[in-house]
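What follows is one structure encoded as structure tokens, with my remarks underneath.
The values are calculated or read from the model by the stated rules, or taken from the named source; none is laboratory data. The structure displayed is predicted, hence computed values, not measured ones. Neighbour counts run over all protein chains shown; Cβ positions are idealised from the backbone, glycine included.
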Amino acid sequence: MSNNVIEIHNLTKRFKQFSLENVSLDIKQGFITGLIGANGAGKSTLIRLAMGMAVPAAGEVRIFGQSIKEQEADIKERIGFVADDSHFYEHLTIRTMKGIYAPFYKNWDETLFKRNLERFELSPKTKIKSLSKGMKMKFSLALALSHKADLLIMDEPTAGLDPVFRRELLDILADLMLDERKSILFSTHITTDLDRVADYIAFLHKGKLVFNESKEQIFDRYAMIRGDNELLDADVRKLFVGIKETAVGFEALTNNRSAVEALLSGHAHIERPTLEDIMFLTAKGAATHV
Amino acid sequence: MYNLIRKDFIAMRWYLLFVLGYAVFFGTFSGFPVFSPIMIITLPAVMMTLFAANIELRNKTMMFVGTLPVRRKQIVLAKYISIFLYLAVGLILLVIVHLVNEYIIHQSFPITVLSLIVSAGIAMTYSALYFPIQFLLGVKSSNIVSFISIFLMIFLISLIGNVADKATEFNWPILPIMIGLPVAAIILMYLSYRLSLSIFRRKDMEG
Amino acid sequence: MVIPMNLILSNASDEPIYGQIVRQIRNLILNNELAPGQSLPSIRQLAKDLGISVITTKRAYEELEKEGLIDSVVGKGSFVSGANPEFIREQRLRMLERKMAEMVEESRLLHMTLDELIDHIRLIDDEMEEKG
């Protein structure tokens, strides 16, 4: 029913420290997809590969149905990109920097940009080097939102933002999503931002895709179990993705909620996990089940 | 691609003032050993190339350019075409220096077509050698590359300076040089462009 | 055009969010706080206002549609279904039965007999009569 705005197919990229192996991933149009994973899991690499800024050892990326290798200029007209370190010319002013950026885009909307600057409380005369990290990100966002982009790609945008603006950012994104033709890909290791607002979550762990599902599906399947250590037997352990045992009890993650409910209902506390729980315990589980 | 070239000029605009000052100073100071158009055309072109590279290195601009709607081909081509614009700037500076010499200082500043062609030729050859190395070694070795390239420059200038001396000494025919040199330089730049492009296409963009 | 509804979601509750939405909208409809034919916010607008995923609101609306409480028209949005009073009454009766089952269960745990329970209900009814 819904189209894919990004199609990643068998992407492989090898570095000394780690590699992305055969990662395939589709990002649906009209939704906010959160890309989560620990630092070093491969999120930024994946995004750079998707943008054509890195060259894969194998695999291909299609955005808006076009190959990023062949039509990267046409594709990027329609992408607004925001990174946590946007690499502007430090010695120039906001106005001058905008003067460099804007002519590249056919759909640049100057009125919209001015409104965005006001909304983010930025002055055109300020030099880039005197902007805080958060203000740089806001400027980057103001630029990205001012050329009618159909896809917003954000690489760790909230690291370095105060909680007040983080909330405002999520509001801005939700506003964008009122238009069902727009899509957002949002990579972060701060999962609390996505707990509420994301539609789909793709979880990358050590260069591999653990899942890419709607939040509804994820929270139907995954559950946090807290209970006494006596409950832990071989059958129960098999259902756990990761577990944290202490002297006073255990805390575990399962991706088979119904099976666990059948076994432990009434004996252990079963509840909805946060994305952070899922990330943490999946990593823990993978570490022990080597 | 025009926008790519334009961005470098905008980022460099204060440096251009420096280049102007430099040109006027060395262009009017006749005591300086190499008192010739080479100083006003070639060296500024080289300086501006290195300035642009240095600004890009400091700001990690490549990571910004990579998000813009441009193809890798345009990124590489813009660098090569910029050389011609730098040479045009040098030409303007030369005119200014000539006027300053003629009407303010009242000393002669000889300009021959041959010297213009040689100056441009050196700058073009330099760029043809510099760019592939810059693309190959990438951002991390950029400082070393800039350093080496200054020596490259001095070598080229003395080499061609020697050839020019020999030419006047032995009365070599000028016309073949005046046509041959630019043609050779352009062919060299084109080959260099192809090489740079194939190197760049295979690399990750780095800040 | 669209009258704002008051929906309160709890993250702390173990009830899935879409369930909370379904329950609250169902109550609004059965208590006649949302009139038949009244338009509901689009799933995207609702998602934005509540700060949640559009997939969740979509799921909630689909559930309500299955229960016959709302109708969705492609291109126009979702509306409270102009269902007959019979249907509404039946729904409310079902909800009452659920509450009654809870009552019976609880009274058993407290070791009350059925007659004790009925007496208690009568007492409460009398009190409500007096209050008027």
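For the range C:56-89, give me the residue count where each residue is outside any helix (DSSP H, G or I) and of a type in the set (A, V, I, L, M).
Of the range C:56-89, the ones outside any helix (DSSP H, G or I) are C:67-84.
This time we only want the ones that are of a type in the set (A, V, I, L, M), so: C:69-70, C:73-74, C:80, C:83.
Number satisfying all stated conditions: 6.
Within the range C:90-110, identify whether any single residue is away from chain A (no Cβ under 14 Å) and in a loop (DSSP other than H, G, I, E, B), and answer yes or no. Give the derivation first.
Going residue by residue through the range C:90-110, those that are away from chain A (no Cβ under 14 Å) are C:90-110.
If we keep only those that are in a loop (DSSP other than H, G, I, E, B) as well, we get C:110.
Yes, the conditions are met somewhere in the range C:90-110.
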Go through A:Ile172, A:Ile184 for me and flag whichever is within 14 Å of chain C (Cβ to nearest Cβ) and touching a residue at least 40 places away in the same chain (Cβ under 8 Å). A:Ile184
Among strands (runs of 3 or more DSSP E) lying entirely in the range A:188-228, which contain 3 or more residues that are away from every other protein chain (no Cβ under 14 Å) and out of contact with any His (no Cβ under 7 Å at 6 or more places or on another chain)? A:200-205, A:208-214
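Let me confirm something: among A:Ile27, A:Ile8, A:Ile47, which residue is crowded, with 20+ Cβ neighbours inside 10 Å, outside any strand (DSSP E or B) and assigned by the TED database to the domain that holds A:Leu178? So that I can check it myself, show each step before the final result.
Numbers: A:Ile27 fails: outside any strand (DSSP E or B); A:Ile8 fails: outside any strand (DSSP E or B).
Result: A:Ile47 is the single residue among A:Ile27, A:Ile8, A:Ile47 that is crowded, with 20+ Cβ neighbours inside 10 Å, outside any strand (DSSP E or B) and assigned by the TED database to the domain that holds A:Leu178.
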The lone exception for C:Arg108 - which of (1) within 26 Å of C:Leu28 (Cα to Cα); (2) of a type in the set (D, E, K, R); (3) at pLDDT 90 or above it fails: (1)
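Scanning for something closer than 24 Å to A:Leu178 by Cα and assigned to a loop (DSSP other than H, G, I, E, B), does the range C:14-21 turn up at least one residue?
The answer is yes; a qualifying residue exists.
Please indicate, with yes or no, whether at least one residue in the range C:115-128 is under 17 Å from the mean Cα position of the chain (by Cα) and either loosely packed, with under 14 Cβ neighbours inside 10 Å or touching a residue at least 40 places away in the same chain (Cβ under 8 Å) (or both). Please lay out each step first, then the result.
So in the range C:115-128, the residues under 17 Å from the mean Cα position of the chain (by Cα) come out as none.
Taking every residue of the range C:115-128 in turn, none turns out to be under 17 Å from the mean Cα position of the chain (by Cα) and either loosely packed, with under 14 Cβ neighbours inside 10 Å or touching a residue at least 40 places away in the same chain (Cβ under 8 Å) (or both).
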Do the conditions hold for A:Phe81, that is, is it within 14 Å of chain B (Cβ to nearest Cβ) and not in a helix (DSSP H, G or I)? yes
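Out of A:Lys125, A:Lys138, A:Lys106, which single residue is in contact with a helix residue (DSSP H, G or I) (Cβ under 9 Å, 6 or more places away or on another chain), surrounded by 13 or more Cβ atoms within 10 Å (Cβ to Cβ) and either among the charged types (D, E, K, R) or modelled with pLDDT under 95 (or both)? Step through it out loud before you land on a result.
Numbers: A:Lys125 fails: surrounded by 13 or more Cβ atoms within 10 Å (Cβ to Cβ); A:Lys106 fails: surrounded by 13 or more Cβ atoms within 10 Å (Cβ to Cβ).
None of the other options fit; the residue is A:Lys138.
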Against the conditions (1) facing chain B (nearest Cβ under 10 Å); (2) in a loop (DSSP other than H, G, I, E, B); (3) more than 30 Å from C:Thr57 (Cα to Cα), where does A:His147 fall short? Just the number, please. (3)
Quick check on the range A:193-204: of everything there that is modelled with pLDDT under 90 and in contact with a helix residue (DSSP H, G or I) (Cβ under 7 Å, 6 or more places away or on another chain), which residue is nearest to A:Arg167 (Cα to Cα)? A:Asp193
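If you check A:Phe250, A:Phe280, which single one turns out to be within 21 Å of A:Ala41 (Cα to Cα), aromatic (Phe, Trp, Tyr) and crowded, with 16+ Cβ neighbours inside 10 Å? Spell out the reasoning first.
Details: A:Phe250 fails: within 21 Å of A:Ala41 (Cα to Cα).
The conditions single out A:Phe280.
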In the range C:53-74, the residues that are among the β-branched types (Val, Ile, Thr) and in contact with a Phe, Trp or Tyr (Cβ under 9 Å, 6 or more places away or on another chain): C:Val54, C:Ile55, C:Thr56, C:Thr57, C:Ile70, C:Val73
At the interface with chain B (Cβ under 9 Å from one of its Cβ atoms) and of a type in the set (Ser, Thr, Tyr) - does that describe any residue in the range A:116-123? no
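Quick one: would you say A:Gly34 is part of a loop (DSSP other than H, G, I, E, B), within 30 Å of A:Thr274 (Cα to Cα) and either away from every other protein chain (no Cβ under 11 Å) or within 13 Å of the chain's Cα centre (by Cα) (or both)?
Working: part of a loop (DSSP other than H, G, I, E, B): no; within 30 Å of A:Thr274 (Cα to Cα): yes; either away from every other protein chain (no Cβ under 11 Å) or within 13 Å of the chain's Cα centre (by Cα) (or both): yes.
Answer is no for this residue.
Kindly evaluate A:Arg95 against the criterion of being surrounded by fewer than 19 Cβ atoms within 10 Å (Cβ to Cβ) and more than 8 Å from chain B (Cβ to nearest Cβ). Don't jump to the end; show me each part of the working.
Details: surrounded by fewer than 19 Cβ atoms within 10 Å (Cβ to Cβ): yes; more than 8 Å from chain B (Cβ to nearest Cβ): yes.
Yes; evaluated as a whole, the condition is true for this residue.
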If I filter the range A:12-24 for residues that are under 15 Å from the mean Cα position of the chain (by Cα), modelled with pLDDT of 90 or more, within 30 Å of A:Asp277 (Cα to Cα) and buried (at least 23 other Cβ atoms within 10 Å of the Cβ), do I get at least one hit? no
